[in-house]
Ligand SMILES: Cc1cc2nc3c(=O)[nH]c(=O)nc-3n(C[C@H](O)[C@H](O)[C@H](O)COP(=O)(O)OP(=O)(O)OC[C@H]3O[C@@H](n4cnc5c(N)ncnc54)[C@H](O)[C@@H]3O)c2cc1C
């Protein structure tokens, strides 16, 4: 039996695991891999204290740091996916994994992050990280003085476009419908920029390229014609899916399936379960924020566990 189970090996889960080890809590970390979403990034330029680091190197540094402090306090169950979490009649929590392992603990930290909704058209997979990207704040500066496109007509799409307008030669926002989901004020602000273009009623059908993206094809739904647009980068902002299926019947989720937390201490509605990072209804999704949320949760869990 453990003091706590941490589910997820991104910055939220690893930060919490490091703090757990240093506080001599007995923890098990269940994680498919260590590193989290930005492992695939070519260059992370906002991890505080590190001007630039490849995502894979950031993941290695998480593992190195955890190995340096974990001793016998944190047990690693990596390569494992939590598939079920239940409360036992004794008031403990039981996590089951896809390979049939079971772990019991007094408390649980959900740090299972989120997965971006992927663009599902020919070429999108082939050119992922070769012009097709899912993170403007990470990769935007790589597209200085280039023509780029953003897919998505919500606030994320428009805010991404706004960020890109600081570097790019032109930004074309492509939206499937006529009306935008984004706030009218944001739409007005972004579309007023001279380098901004908007294609409404347009459905992307293919990403084209050789080594990197060179353009895309889209269906102009007004005319029924397939047209081409030359761009060097394509930013997909069609939303994220939190990895919360395995707790959907246990903790309160919001309308888009993110775990609802108290932002002061990361507690969920269930006594003994905390959540941190991108799986929560936290407004902003970044590595530093996820790590901070993980630390905040762990500090609160420590006091809770010690009082039991
Ligand atoms: C391509 C890309 C580049 C990015 N670049 C930057 C950047 O430059 N700077 C920045 O600040 N942010 C960046 N972000 C955002 C940042 O990566 C996230 O905000 C951050 O990773 C969230 O951390 P997290 O720990 O909450 O979750 P995640 O990083 O999503 O980690 C979740 C972890 O949980 C695991 N997991 C999921 N479900 C289960 C389960 N059921 N059982 C066990 N394990 C599970 C996953 O495998 C993963 O290890 C980027 C995101 C992407 C997609």
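Yes/no per residue for (1) out of contact with any helix residue (DSSP H, G or I) (no Cβ under 8 Å at 6 or more places or on another chain); (2) assigned to a loop (DSSP other than H, G, I, E, B); (3) away from the ligand (no atom under 15 Å from the Cβ):
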site: 241; (1), (2), (3): yes, no, no
site: 269; (1), (2), (3): yes, yes, yes
site: 284; (1), (2), (3): yes, yes, no
site: 290; (1), (2), (3): no, no, no
site: 306; (1), (2), (3): yes, no, yes
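Within the range 83-116, track down each residue that is within 11 Å of the ligand (Cβ to nearest atom), in a strand (DSSP E or B), under 13 Å from residue 7 (Cα atoms) and in contact (Cβ under 8 Å) with a residue 24 or more places away in the chain.
First, pick out the residues of the range 83-116 that are within 11 Å of the ligand (Cβ to nearest atom): 83-85, 95-98, 109-116.
Those left that are additionally in a strand (DSSP E or B): 83-85, 95-97, 109-110, 114-116.
From what is left, the residues that are under 13 Å from residue 7 (Cα atoms) are 83-85, 95-97, 109-110, 114.
Passing the criteria: 83, 84, 85, 95, 97, 109, 110, 114.
Testing residue 226 on (1) touching a strand residue (DSSP E or B) at 6+ places or on another chain (Cβ under 6 Å); (2) touching a residue at least 24 places away in the same chain (Cβ under 8 Å); (3) on the phi < 0 side of the Ramachandran plot, one condition comes back false. Which one is that?
The number of the failed condition is (2).
Here's the yes/no breakdown for (1) surrounded by 14 or more Cβ atoms within 10 Å (Cβ to Cβ); (2) within 19 Å of residue 157 (Cα to Cα); (3) touching a residue at least 60 places away in the same chain (Cβ under 8 Å):
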{"residue": "190", "(1), (2), (3)": "yes, yes, no"}
{"residue": "194", "(1), (2), (3)": "no, yes, no"}
{"residue": "197", "(1), (2), (3)": "yes, yes, no"}
{"residue": "204", "(1), (2), (3)": "yes, yes, yes"}
{"residue": "209", "(1), (2), (3)": "yes, no, yes"}
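Go through 275, 248 for me and flag whichever is under 19 Å from residue 37 (Cβ atoms) and within 14 Å of the ligand (Cβ to nearest atom).
Answer to the check: 275.
If you scan the range 254-284, which residues turn out to be buried (at least 19 other Cβ atoms within 10 Å of the Cβ) and modelled with pLDDT under 95?
282
Taking residue 218 and the conditions (1) within 16 Å of the ligand (Cβ to nearest atom); (2) assigned by TED's automatic domain parsing to the domain that holds residue 140, which numbered condition does it fall short on, given that it satisfies the others?
Checking residue 218 against (1) within 16 Å of the ligand (Cβ to nearest atom); (2) assigned by TED's automatic domain parsing to the domain that holds residue 140, the one that fails is (1).
I'd like the full set of residues that are within 16 Å of the ligand (Cβ to nearest atom) and free of Cβ contacts under 8 Å to residues at least 40 places away in the same chain, limited to the range 292-304.
Correct list: 296 only.
Need the failing condition index for residue 136 against (1) surrounded by 18 or more Cβ atoms within 10 Å (Cβ to Cβ); (2) more than 16 Å from the ligand (Cβ to nearest atom); (3) assigned by TED's automatic domain parsing to the domain that holds residue 231, just the number.
(2)
Give the residues of the range 154-168 that are assigned to a loop (DSSP other than H, G, I, E, B) and either within 10 Å of residue 237 (Cα to Cα) or not assigned by TED's automatic domain parsing to the domain that holds residue 184 (or both), sorted by residue number.
154
Being in a helix (DSSP H, G or I), surrounded by 18 or more Cβ atoms within 10 Å (Cβ to Cβ) and near the ligand (Cβ under 7 Å from one of its atoms) is the filter; apply it to the range 32-65 and report the residue that is modelled with the lowest pLDDT.
38
Confirm whether residue 27 is more than 11 Å from the ligand (Cβ to nearest atom) and buried (at least 22 other Cβ atoms within 10 Å of the Cβ). Can you show your working first?
Working: more than 11 Å from the ligand (Cβ to nearest atom): yes; buried (at least 22 other Cβ atoms within 10 Å of the Cβ): yes.
It is true that residue 27 is more than 11 Å from the ligand (Cβ to nearest atom) and buried (at least 22 other Cβ atoms within 10 Å of the Cβ).
The values are calculated or read from the model by the stated rules, or taken from the named source; none is laboratory data. Since the model is a prediction, treat every value here as computed from it, not as a measurement. As a convention, Cβ positions derive from the backbone with ideal geometry for all residues, glycine included, and neighbour counts pool all protein chains shown.
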